Amino acid sequence: MSNNDIIVSLDIGTSKVRAIIGEISNGTFNIIGVGSADSEGIRKGAIVDIDQTVQSIRSAVDHAERMVGIQISEVYVGISGNHIGLLTSHGVVAVQNEDREIGEDDIDRVLKAAEVIALPPEREIIDIVAKQYVVDGLEGIKDPRGMIGVRLEVEATIITGAKTAIHNLLRCVEKSGLKVSDLVLLSLGAGQLALSKDEKTMGAALVDIGAGSTTIAVFESGTIVATSTLPIGGEFITNDIAYGLRTLTEQAEKVKLKYGCASMQDAAADVTFKVTRIGSNVDKEFTQEDLAAIAEPRVQEIFQLISQEMKRLGYNELPGGYILTGGTVSMPGLLKIAQQELDASVRVAVPDYIGVRDPGFTGGVGILYKIIKNIRVRNAAPKKPANRNKPAGTKETVRKSGVMERLKNIFSEFI
Ligand SMILES: Nc1ncnc2c1ncn2[C@@H]1O[C@H](COP(=O)(O)OP(=O)(O)OP(=O)(O)O)[C@@H](O)[C@H]1O
Ligand SMILES: [Mg+2]
């Protein structure tokens, strides 16, 4: 097996760092290795301690390497946070091939043209997503490869982020001894993986409820149109349990994972457990109902904040409803509360691959999914070696976003 067939994603979250190894063989994609490590150095989704984060990354990557028996040298890194912004942009180029057939290079050039925008100095482009292409005035084209035209236009969404946040992320990964293949907006990958074509077209919101942050991403007409990150998540529920039962956070997290329930209606009075109370070594018994009485109001509040944020973003009703993901949505009873609070159709999305069937893995698997889909689109493009610089048979590579090129220079100033 050559290394070219293997791609690795890294999702650096508040509670967990996850490295996921995907393998593409004979046109199918499988997850062959997963490494998770408890996160240190991340608060509410943002890196606050580089050295601790590096250790967590190393530990997750080592774990994945041991599982598969390979050495990981390059990773696709997920990015998210309240610093992410979206802009719409437009690019125009003349088709260069003599026969006027639109090729890969024309697409690259038109996307580059759309990336030429005035940005504040503290911001950087992470990625660009084509909403639609226009060939000689004909609108609504999703993939113009192989079409004939003179004038190629693109209407695109540009994803930007704060330079400092991007720098910290790149610094941590590179300090862990890994090369960054590219940065991928977590909700973009997760959206491609978890949302159906219809949901993305009609309009739907993907909500990733993690430990320290909740990211909303609205999809419409097939692409991401809005995103926002709120500083709330499963950690709040754990803290409420720790206060409510007067126990250590670590114990509260354990009982939450084992007995937690977000709906008092669904909780059982005969499911009991004991916790050690703070300041004594006396154990006290509680029931699942006690836990639900603590968790339910917090889960309600989380969905009220999500609903408020959706209104603030200007989306009152979306035909595709809400698709929930992220570790916190594993909690029994949560979907019911979400349906009550959001008053819309709501479902939970879990990656459908062996070894990662947990909503906490949606971000990491989504990164791989997005990269692979990109490779497939490129490989499906008509090959016209005469018009390419590359010799026939050269492996197509994924188009790198401008951020990597530009940041390499910035980055080298710091190291
Ligand atoms: N079965 C479960 N019941 C309740 N909560 C759960 C369950 N499984 C996981 N969680 C919670 O999910 C959260 C972790 O989710 P996830 O792994 O998506 O977060 P993260 O990516 O590390 O953090 P973030 O995205 O906020 O930076 C933790 O708060 C954890 O307690
Ligand atoms: Mg996360």
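Dipole size in debye (nearest 20) for the chain around its Cα centre, Lys and Arg Cβ +1, Asp and Glu Cβ -1?
680
Of all trypsin sites (Lys or Arg not before Pro) in region 315-372, which ones are in loop regions per DSSP and have a Cβ with at most 12 other Cβ atoms within 10 Å?
Arg357
For helix 50-68, report the angle its Cα long axis makes with the longest principal axis of the Cα atoms of the chain; keep it between 0 and 90° and round to the nearest 10°.
80
What do you get for the angle between helix 249-259 and the principal long axis of the chain? Use alpha-carbon atoms, 0 to 90 degrees, nearest ten.
90
Considering amide H positions built from the backbone, and no H for Pro or chain starts, which residues 5 or more places from Leu185, or on another chain, come under 5 Å of its amide H?
Ile79
How much length is gained on full extension from Gln300 to Asn97, taking 0.36 nm per residue of separation minus their Cα-Cα distance?
Full extension from Gln300 to Asn97 adds 67.4 nm.
In nm², what is the average projected area of the convex hull enclosing the Cα atoms of the chain?
Projected over every direction and averaged, the Cα hull of the chain covers 22.0 nm².
Between Asn239 and Leu119, what length in nm is gained on full extension when 0.36 nm per residue of separation is reduced by their alpha carbon distance?
Here the segment from Asn239 to Leu119 would lengthen by 39.2 nm.
I want to verify a result. In a Gaussian network model of the chain, Cα cutoff 10 Å, which of these has the top mean-square fluctuation: Gly27, Gly140, Gly320?
Gly27
Report, to the nearest 10°, how far helix 288-313 tilts away from the longest principal axis of the Cα atoms in the chain, using its own Cα long axis and a range of 0 to 90°.
Roughly 30 degrees, rounded to the nearest 10.
Treating the beta-carbon of each Lys and Arg as +1 and of each Asp and Glu as -1, no other charges, what is the dipole magnitude of region 105-228 about its Cα centre, to the nearest 20 debye?
Working: 13 positive and 18 negative charges, 75 e Å.
Charge dipole of region 105-228: 360 debye, to the nearest 20.
What's the Kirkwood radius of region 233-300 in Å, using all Cα pairs?
Result for region 233-300 stands at 11.6 Å.
What is the antiparallel percent of DSSP beta bridges lying wholly in the chain, to the nearest 5?
Of all bridge pairs located within the chain, approximately 80 percent are antiparallel.
Modelling each spin label as a point 7 Å along the Cα-to-Cβ direction, I'd like the Ala380/Thr249 distance in nm, to one decimal.
4.6
Go through region 267-278 residue by residue and turn each phi into a ³J(HN,Hα) via Karplus (6.51, -1.76, 1.60, θ = phi - 60°); whole Hz please, and just put x for glycine and proline.
Residue by residue, region 267-278 yields 7, 9, 7, 9, 8, 10, 7, 10, 10, 7, 7, 4 Hz.
Rounded, prolate or oblate, given the Cα gyration tensor of region 1-94, with a/c below 1.5 counting as rounded?
Oblate is the answer for region 1-94, as a/c is 1.5 or above yet b/c matches or exceeds a/b.
For Leu257 and Asp198, compute 0.36 nm times the residue count separating them, minus their Cα-Cα distance, and round to one decimal in nm.
Taking Leu257 through Asp198 to full extension adds about 17.9 nm, to one decimal.
Taken together, the values in this text are just the output of simple stated rules run on the coordinates, not laboratory data. All figures in this text were calculated on a predicted structure; none of them were measured in a lab. Backbone-built Cβ (ideal geometry, glycine too); neighbour counts: all protein chains shown.
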